[in-house]
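The values are calculated or read from the model by the stated rules, or taken from the named source; none is laboratory data. Since the structure is predicted, the reported quantities are computational estimates derived from the model, not experimental observations. In this analysis, Cβ positions are derived from the backbone assuming ideal geometry, glycine residues included, and neighbour counts consider all displayed protein chains. The area values use the complete protein model at the heavy-atom level, side chains included, leaving out ligands, DNA and RNA. Shrake-Rupley method; radii C 1.70, N 1.55, O 1.52, S 1.80 Å.
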Amino acid sequence: MNPMKVLSLLAFLAVAALGKPNNRMDNSVSQALKPSQWLSGSQLEAIPAVDDLTLERLESMSLEKGAELVQQIYHLSQIHHNVEPNFVPSNIQAYVPKPNGEKLAAPLNEMIQRLKQKQNFGDDEVTIILTGLPQTTETVKKATRKLVQAYMQRYNLQQQRQKGKNTNQDYDYGSEKRNQRTSSEENSSEEVKNAKTQSGDIIVIDLGSTLTNYKRYAMLDIEKTGAKIGKWIVQMVNELDMPFDTIHLIGQNVGAHVAGAAAQEFTRLTGHQLRRVTGLDPSKIVAKSKNTLTGLARGDAEFVDAIHTSVYGMGTPIRSGDVDFYPNGPAAGVPGASNVVEAAMRATRYFAESVRPGNERSFPAVPANSLEQYKRNDGFGKRAYMGIDTAHDLEGDYILQVNAQSPFGRNAPAQKQSSYHGVHQTWSSKDNKDYE
């Protein structure tokens, strides 16, 4: 059977089996859990074909319903363990954002030539953001925009300091003006003044925009796509004569796994590891190549960290890094997320908030394997920080609590308490107001 048709037909085949009680499945399938044992015929019939499943449809569903649907599709796809990936994007676009809101954009295979024209590119830190969902909904666009804007503020602030200019200059980071503070995602001048920042450059590889429907998302060949991007990074390092150990690769959703594969390919070709790979809500992997370990994992870079915000929704419960953070514990979503898409993108929003100068330690976390254990310990334990300031010697699972609305960090400058344990108190409606 054509692998592209497997997901669409699994539900139909399962329903057909329900109507034939004497039907015998082959031995390999009989060892697996039959869909009829955990789904009724009407439930199976209600599951849409992947051709009909879109981000917009998932956004229109409640968090619980959307998570249930995504889980059902995923488990149906794993029955035969033979759904082979076969989609490799051929025309991935990339862009370098500018302080004035414009973009230096080009197909990925032409971007290196464009970068050669950019003065001093790669002399300092280079952050590569790999999107994992199409920028077709405001939820996805906003999260990506916030992340890019945060890095623009971080890097431009340092550049202005180096030039000895006024650090309070008003920049236009995209479509939103920075001339007034609206949340911890846009900081006050005092917090910015005291922030520790680095200069650097940003590249956005817009893989997500090639995943125009759930079928492409599900059938993405993570290994081949990652190898393509890994080779591109090697070429960039060589042709621009830039250091590789300043590169931080950030992947969203399925892009997190592609980032891991890209980092592996970089190591295979150069013998060196990238400094850091960050996974922002790594996704479930529907289609997997046989005899291949696929997915973001520790060892893909010198340091791998992951933030999980929709473990039982679009994300995965599988540990993905040296350290894995679970805001409010493993769940379908996080506080304030009304659907699975919003829950998946909250990891990006949290990381973006931590990138903003002055917010680096807004998300204190402690080792725990559940929110209940975290609460029983009253937040006590070896403290770590989720986000840009995560220590590279951390290992294990960390739990923290987050706010339902921006500022999301319980230790954000806008809501800092007199003591660390004060952050576990219930926040008033006034404190939780989202000014965006």
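With the structure loaded, tell me whether Gly358 is within 18 Å of the chain's Cα centre (by Cα), open to solvent by 10 Å² or more (accessible area, probe 1.4 Å) and in contact (Cβ under 8 Å) with a residue 12 or more places away in the chain or whether it fails that test. Taking the combined requirement at face value, the residue does not satisfy it. Scanning region 235-256 for residues that are within 23 Å of Val148 (Cα to Cα), open to solvent by 10 Å² or more (accessible area, probe 1.4 Å) and assigned to a helix (DSSP H, G or I) gives Val237, Leu240, Phe244, Asp245, Thr246. The sole residue among Arg268, Arg298, Arg319, Arg276 that is open to solvent by less than 10 Å² (accessible area, probe 1.4 Å) and among the basic types (Lys, Arg) is Arg276.
Here Gly122 meets each of (1) at pLDDT 90 or above; (2) in contact with a strand residue (DSSP E or B) (Cβ under 7 Å, 6 or more places away or on another chain) with one exception, condition (1).
Leu274 - would you say it is touching a Phe, Trp or Tyr at 6+ places or on another chain (Cβ under 7 Å), aliphatic (A, V, I, L, M), in a loop (DSSP other than H, G, I, E, B) and modelled with pLDDT of 95 or more? Answer is yes for this residue. All told, Ile250 meets the bar of being under 22 Å from Gly396 (Cα atoms), out of contact with any Pro (no Cβ under 9 Å at 6 or more places or on another chain) and at pLDDT 95 or above. When the test is whether a residue is in a loop (DSSP other than H, G, I, E, B), modelled with pLDDT of 90 or more and farther than 30 Å from Arg154 by Cα, Pro21 does not pass it. Sub-6 Å Cβ pairs linking a first residue in region 311-322 that is in contact (Cβ under 8 Å) with a residue 40 or more places away in the chain to a second residue that is basic (Lys, Arg) and part of a loop (DSSP other than H, G, I, E, B), at least 6 apart or interchain, are Gly321/Arg298; Asp322/Arg298, ordered by first then second residue.
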